[in-house]
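Here is the structure we will look at.
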Amino acid sequence: MTNLSMTVKKNIPYIAISVLILALLAAVPFFSKPYTVVLLKNILMFAALTLSWALFSGPTGYISLATAAFYGVGIYTAAYLGKVLPLPVMVLCGGLASFLLALIIGAITLRLRGIYFAIFTLSSVELIKQVLHWFEITVLGTRGRPVVKISNTTVYYVVLLIVVLLMVTTYFLKRSRYGLAMSSIGSCEDAAAHIGINVTWVKVLTFALSSFFIGLTGATTATGLIYIDSHIAFDLNYSFFPTLMAIFGGIGNVFGPVIGAAVFSYLREILITRFPYAYMIIFGAVMILTILYLPNGIIGLVQTIKDKVLGGKDATASSRKVN
Amino acid sequence: MLEVKNLNVFYGNVQVLWDVCLRVEEGEIVALVGANGAGKTTLLNAITGLVKPASGSVTFMGQDITGLPPNAVVELGISYFPEGGRLFPDMSILENLEMGAFIKSSWKKRKERLEKVYQIFPLLKERRKQMAKTLSGGERQMLAMGRVLMSDPKLGLFDELSYGMAPKLVKESFKMLQKLRDNGLTILLNEQNVKQSLEIADRAYVLENGRIVSGGSCEELLHSDHVRKAYLGL
């Protein structure tokens, strides 16, 4: 416990800034235009997805491209249960459904390593999408469903809550014994197994936990979509964006994914309105430049500048950042 | 302490170990020598539960541990030194050591264990904040050995201690190993460096093509014609 209170003490400036930003965000709907709320809601949604992605893929090094699958499950939960259940229960159901699906996908795929895991998770999105599409057309005889509309402000607050939950979870998980087990898997999985970590269990459980949050986010934001079908719900972009945003922001700490998501989704918003036909091209160029010149993302850049200003007296701390 | 009886292991259709029997008594250093591909690592993996044997049994301190998962085996007091040490490169020395005490029973005692390891390898204490990937070969070896000790094991399994080491470091590594034995660790050592391991071990087994072909005191083996011809080039 003393250890914990010490780390909390050391991070007081960060905590203070976070609380301040949180208070500002909570006040936004009271004094700004509806468009700002929607824009911020989208940014927060991407922050939630990116944080969830980084929760698992960051420490373990397994690049998951299944985010769209769990996001879609959340959306479909909202479409089916939105009319019969109150919002909090429905959102929780979305999380749980994704959690269960992740346990299954994880148990099957987490014995694969590296690129094979990425490919399999990506194809799981497509598999679910197509099966669902087939099921709707041939069995139900319909395509897609309407989703109950809930006010943007309410959705905004729920997503904000999810982001806060995710940041707190990430922060404490990272400093726990379980968090050490996760990063030891990323560092050297064989050694992790040898020292007595049940690597399969840790991987599957973390994967499911991360998916739980993705499901929550999907179920919440689906209420702004009005109508969904399998191709809208299981859009592969939702697999790629969180991954790219996390790389863009840096996955070293809690703030990287949030900053990445914020800058990236705002950039997307601007580009999509100004250059509707070329925005993906510009996007791609930005991504390539990031990977070439900012391998540790925006957070890595901040760290480098900080080290230069402070004279790099802590060599061990900066060597950790360089991979 | 450890008894392996009639162990048979297959990889697919290929039989890798044939009726392997082996004993390790408390306080001993037992060497398992043989060429590349003889099945030494497979034998260790079968003991730690990373590979499931088709038949045969592994008994540790009177308890049947055949087929138990690795985490359960570590929990019982068997610690494993994987080939090349396999450190966590992006973690500090301290974190690497703490990870060695990951299992529940030793996690609470990790502070005491840490002191013990620092006492055996004082250099690790000095450098505890340094990243593992910035260490030299000898320091890595110390750290890997220190990590083995963190779970308070009774038996240490060492896979290819001299792997990738300069001759001088090989000698030092074997000295470290004797230091661990003097601190109460029983050791089963897997080595292709036959001469050096026979010099420090009490007993040895020779593994060839998945079969134990001879065993006995190191003195005997060092003088046996087969070992001298096949492994020592004499």
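Brief remarks on what is shown
- Think of chain A as a dipole: +1 on every Lys or Arg Cβ, -1 on every Asp or Glu Cβ, centred on the Cα centre; then among A:Ala261, A:Leu110, A:Ser64, A:Ala261 lies furthest on the positive end.
- For A:Leu65, residues with placed amide H under 5 Å, excluding near neighbours: A:Thr121, A:Leu122
- Charge dipole (debye, nearest 20) of region A:32-321; +1 at Cβ of Lys and Arg, -1 at Cβ of Asp and Glu: 460
- Each Lys and Arg Cβ is given +1 and each Asp and Glu Cβ -1; about its Cα centre, region B:89-153 then shows a dipole of about 160 debye.
- Computed over protein heavy atoms with a 1.4 Å probe, the carbon and sulfur contribution to the accessible area of region A:109-167 reaches 73%.
- Solvent-accessible area, 1.4 Å probe, carbon plus sulfur percent, for region B:89-153: 50
- Cleavage-rule hits (trypsin sites (Lys or Arg not before Pro)) in region B:91-127: DSSP loop, at most 10 neighbouring Cβ within 10 angstrom: B:Lys108
- Within chain A, helix-based [θ] at 222 nm, where runs of 4 or more DSSP H residues each add -39,500 (n - 2.57), nearest 500: -25500 deg cm²/dmol
- Placed amide H near B:Leu32: partners under 5 Å, 5+ positions off or other chain: B:Leu189, B:Asn190, B:Glu191, B:Tyr205
- Taken along the Cα-to-beta-carbon direction at a fixed 7 Å, the label points for B:Gln178 and B:Asp64 span 4.0 nm.
- J(HN,Hα) series, region A:33-39, from Karplus relation 6.51 cos²θ - 1.76 cosθ + 1.60, nearest Hz, glycine and proline x: 6, x, 4, 4, 4, 5, 4
- Secondary structure note: in chain B, about 55% of the DSSP beta bridges are antiparallel.
- When the alpha carbon gyration tensor of region A:1-133 is reduced to an equivalent ellipsoid, the three semi-axes, largest first, read 31, 24, 14 Å.
- Using only side-chain charges placed at the Cβ, +1 for Lys and Arg and -1 for Asp and Glu, the dipole size of region B:1-90 relative to its Cα centre rounds to 280 debye.
- Computed E for A:Met280/A:Leu127 - FRET, C-beta separation, R0 30 angstrom, nearest 0.05: 0.75
- Residue-averaged 222 nm ellipticity for chain B, from DSSP H runs of 4+ at -39500 (n - 2.57), nearest 500: -10500 deg cm²/dmol
- Note on A:Lys203: aspartates and glutamates with a C-alpha under 18 Å away, same-chain residues under 8 apart excluded, are A:Glu189, A:Asp190.
- Region B:128-234: trypsin sites (Lys or Arg not before Pro) in DSSP coil with no more than 13 other Cβ atoms inside 10 Å: B:Lys129
- Between B:Tyr118 and B:Leu76, the distance separating the two model label sites (each 7 Å from Cα on the Cα→Cβ line) works out to 3.4 nm.
- FRET efficiency for the B:Glu25 to B:Leu94 pair, using the beta carbon distance and R₀ = 30 Å, is estimated at 0.30.
- The chymotrypsin sites (Phe, Trp or Tyr not before Pro) of region A:143-212 include none that DSSP puts in a loop with a beta carbon having at most 11 other beta carbons within 10 Å.
- Using a 1.4 Å probe over protein heavy atoms, the accessible area lost on pairing B with A, summed over both chains, comes to approximately 2100 Å².
- Computed Kirkwood radius, in angstrom, where 1/r is averaged over Cα pairs of the protein assembly as shown: 26.3
- Span-rule helices in chain B, defined as complete DSSP H runs reaching 20 Å or more along the axis (Cα) with Kyte mean at least -1.0: B:167-182
- Residue range of chain A that is longest and free of trypsin sites (Lys or Arg not before Pro) which are both DSSP loop and sparsely packed (at most 15 other C-beta within 10 Å): A:176-312
The values are calculated or read from the model by the stated rules, or taken from the named source; none is laboratory data. Because the structure is predicted, anything quoted here is derived from the model rather than measured. Positions of Cβ are backbone-derived with ideal geometry, glycine not excepted, and every protein chain shown enters the neighbour counts. Quick note on the areas: whole protein, heavy atoms, side chains included, nothing else; ligands and nucleic acids left out. Shrake-Rupley method; radii C 1.70, N 1.55, O 1.52, S 1.80 Å.
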